[in-house]
Amino acid sequence: MNILAIGDIVGERTVAYLSERLWHYRRENNIDMVIANGENADKISGIDAQTAKELLSSGVDVITGGNHTLRKRNLYPLLESNKNILRPANLPPMVPGSGYTITDAASYRILIINLQGTVGMEPLDSPFACADRILEREAGKFDLAVMDIHAEATSEKLALARYLDGRINAIFGTHTHVQTADETILPGGTAYITDLGMSGPTDGILGVRSDCAITKLMTKMPVKFEVADGPIQVCGAVISLNPQKRRALSIKRVTF
């Protein structure tokens with residue numbers, strides 16, 4: 001089976017771009033499931049309920065999140081009611097929603113886990129321990145497992161992938177908005193890439209208007225970030241998995 005993993009979606013124009021093109025891309029590339037990180041989809045920080053619904057109708061099967069997911073309070077009821085909109089699993093237990101789900105694709109049960117790193121970010125529960133608990137709790141209930149690790153440190157992402165190699169079939173990183181060139185199949189059969197990259201406007205700096213980011217870096221003063229202009233590009237990876245052997249066959253970086 002083929003999974004398309006899409007990197008951090010930035011802004012409403014990118015949501016519209018996906019609405020126009022994603023179903024066609026799925027058909028042309030025999031994609032069975034789409035997982036997209038949507039934590040920046042509403043303007044540049046957070047995702048609201050309407051935007052989440054638009055992404056799901058555009059061809060995204062599961063939306064993962066990160067450190068900005070909870071900024072829009074109108075998303076909270078949808079986090080509770082829709083199992084395919086996730087926030088990091090290692091957030092405190094009283095936070096609305098869930099950090100993982102099991103959903104069907106190509107007649108297989110797919111466990112999707114969303115975790116957030118702790119190096120250079122908030123001091124959440126250990127993503128290593130959280131992953132162990134989820135895998136133990138859901139043992140026997142899924143055929144394949146996939147993970148979005150939303151983290152700052154490349155070392156933490158790779159360490160988590162090495163730790164879970166063979167237990168989770170595909171692990172991809174998000175958050176840094178720059179697509180890495182290290183896609184590989186680990187020794188235990190897990191497909192891995194450190195960061196899927198950003199899906200958003202190609203002008204600007206990581207999806208932000210250049211003047212906003214430069215002013216912030218030069219002056220250290222508070223600056224309102226605005227979404228950049230320019231053409232939209234979606235970054236991600238297509239991962240092919242063998243459900244019978246529970247191993248990854250290939251992982252390929254893609255843009256469209």
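Only the coordinates and a few stated rules stand behind these numbers; no lab work does. Keep in mind that what you see is a predicted model, and the values were worked out from it rather than measured. We place every Cβ from the backbone using ideal geometry, glycine too, and count neighbours over all the protein chains shown.
General remarks:
- Top-ranked residue in region 80-109 [being in contact with a strand residue (DSSP E or B) (Cβ under 6 Å, 6 or more places away or on another chain) and aliphatic (A, V, I, L, M); ranked as surrounded by the fewest Cβ atoms within 10 Å (Cβ to Cβ)]: 102
- Residue match in region 66-89 (condition: within 27 Å of residue 158 (Cβ to Cβ), in contact with an Asp or Glu (Cβ under 6 Å, 6 or more places away or on another chain) and part of a loop (DSSP other than H, G, I, E, B)): yes
- For region 4-36, the set of residues classified as touching a residue at least 60 places away in the same chain (Cβ under 8 Å), closer than 13 Å to residue 237 by Cα and crowded, with 17+ Cβ neighbours inside 10 Å consists of 4, 5, 6, 7, 8, 25, 31, 33, 35, 36, listed by residue number.
- Residue 56 vs. criteria in contact (Cβ under 8 Å) with a residue 24 or more places away in the chain, more than 23 Å from residue 200 (Cβ to Cβ) and either of a type in the set (A, V, I, L, M) or outside any strand (DSSP E or B) (or both): no
- All positions within region 123-139 that are of a type outside the set (Val, Ile, Thr) and either within 23 Å of residue 245 (Cβ to Cβ) or not in a loop (DSSP other than H, G, I, E, B) (or both): 127, 128, 129, 130, 131, 132, 133, 135, 136, 137, 138, 139
- Residues of region 182-203 that turn out to be part of a loop (DSSP other than H, G, I, E, B) and touching a strand residue (DSSP E or B) at 6+ places or on another chain (Cβ under 7 Å), as a count: 13
- Qualifying residue in region 204-211 (condition: part of a loop (DSSP other than H, G, I, E, B) and over 29 Å from residue 33 (Cα atoms)): yes
- Inspection of region 163-174 identifies no residue that is buried (at least 18 other Cβ atoms within 10 Å of the Cβ), part of a loop (DSSP other than H, G, I, E, B) and over 17 Å from the mean Cα position of the chain (by Cα).
- Test: residue in region 16-36 that is over 26 Å from residue 240 (Cβ atoms) and touching a Leu at 6+ places or on another chain (Cβ under 9 Å): no
- In region 140-150 there is no residue matching the filter, namely being part of a loop (DSSP other than H, G, I, E, B), crowded, with 19+ Cβ neighbours inside 10 Å, out of contact with any Asp or Glu (no Cβ under 7 Å at 6 or more places or on another chain) and on the phi > 0 side of the Ramachandran plot.
- Every condition in (1) assigned to a loop (DSSP other than H, G, I, E, B); (2) charged (D, E, K, R); (3) touching a helix residue (DSSP H, G or I) at 6+ places or on another chain (Cβ under 6 Å) holds for residue 43 except the one numbered (3).
- The residue that is surrounded by the most Cβ atoms within 10 Å (Cβ to Cβ), counting only those in region 182-196 that are within 17 Å of the chain's Cα centre (by Cα) and among the aliphatic types (A, V, I, L, M), is 196.
- For residue 144, the conditions (1) free of Cβ contacts under 8 Å to residues at least 60 places away in the same chain; (2) farther than 17 Å from residue 99 by Cβ; (3) more than 13 Å from the chain's Cα centre (by Cα) are fulfilled apart from (1).
- Cβ separations smaller than 9 Å between residues 6+ apart or across chains give the following pairs from region 105-117 residues that are in contact (Cβ under 8 Å) with a residue 24 or more places away in the chain and small (Gly, Ala, Ser) to residues that are assigned to a strand (DSSP E or B) and surrounded by fewer than 22 Cβ atoms within 10 Å (Cβ to Cβ): 106/2.
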